[in-house]
Amino acid sequence: MGDNTTRVAPTADVDERALIGEGTAVWHLAQIREDAVLGAECVIGRGAYVGPGVRIGDRVKLQNHALVYEPAVLEDNVFIGPAAVLTNDLYPRSTSPDGRLKRPQDWSALGVTVREGASVGARAVIVAGVTIGRWALVAAGAVVHRDVPDFALVVGTPAHRVKWVGRAGVPLEPVEGQPCRWRCPDTGELYTERDGVLSLPGQLHQV
């Protein structure tokens, strides 16, 4: 079992209304806003930002200067790379058409959802409202403007799928003589592709 001690660096800014799970570490200059909920054994890196009401599961890593804007939801075992940004406004403006500075009540935040085990690479940008599928992998620097399927590796601007990856994060290899079957070279796990959807037998696909 891991260390159940919650550690918050003296320079971190954690709102008293935030909930921090056992064994979670919040490092220097990170900011956790009001009503955010972080699960157990998370690591929040230097300068990372977690917006009001964001929901983060267990064993999630936010690397240095990652920005997670409300109302994002990160499920268990998610990795967010250095300086990655999860946005929340499809049509951002500083002011209203009449010239008034916009306030929170003047727009509706649309959060990003990152499903179990998925990873977002360094400096990637995830556009508001997008869902990153289970165990998917977003390459460094990608700009993701539409949903990413489970186990997909997406790259580029705009991001597009180039390979499948397994739970270990390693690109899968086709199984010779078995169309639509893929094997992880690291774990040996076998995956099945059907109608553009990859699944690990024995696990339910989440829509």
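The calculated FRET efficiency for LYS163 paired with VAL8, based on their beta-carbon distance and R0 = 45 Å, is about 0.70.
The charge dipole of the range 76-207, taken about its Cα centre with unit charges on the Cβ of Lys, Arg, Asp and Glu (plus for the first two, minus for the last two), comes to roughly 380 debye.
Going by a ≥ b ≥ c, the root eigenvalues of the Cα gyration tensor, does the chain fall in the rounded group (a/c under 1.5), the prolate group (a/b larger than b/c) or the oblate group? Oblate shape, in that a/c is at least 1.5 and b/c is the bigger or equal ratio. For the range 19-29, 3J(HN,Hα) computed residue by residue from phi via the Karplus equation (6.51, -1.76, 1.60; θ = phi - 60°) reads 10, 10, x, 4, x, 7, 10, 10, 8, 3, 6 Hz, glycine and proline entered as x.
Annotation for the range 14-100: GluC sites (Glu not before Pro) lying in DSSP loop with at most 14 further Cβ atoms inside 10 Å of their Cβ are GLU16, GLU22, GLU34. Can you tell me how the range 1-51 classifies by the Cα gyration tensor, rounded, prolate or oblate, using a/c under 1.5 as the rounded cut? Note, shape of the range 1-51 comes out oblate.
Read-outs: derived from the displayed coordinates by stated rules, not from any lab. The model shown is predicted, which means the values in this text are computed figures rather than measured ones. Here Cβ is always computed from backbone atoms with ideal geometry, including for glycine, and neighbour counts include all displayed protein chains.
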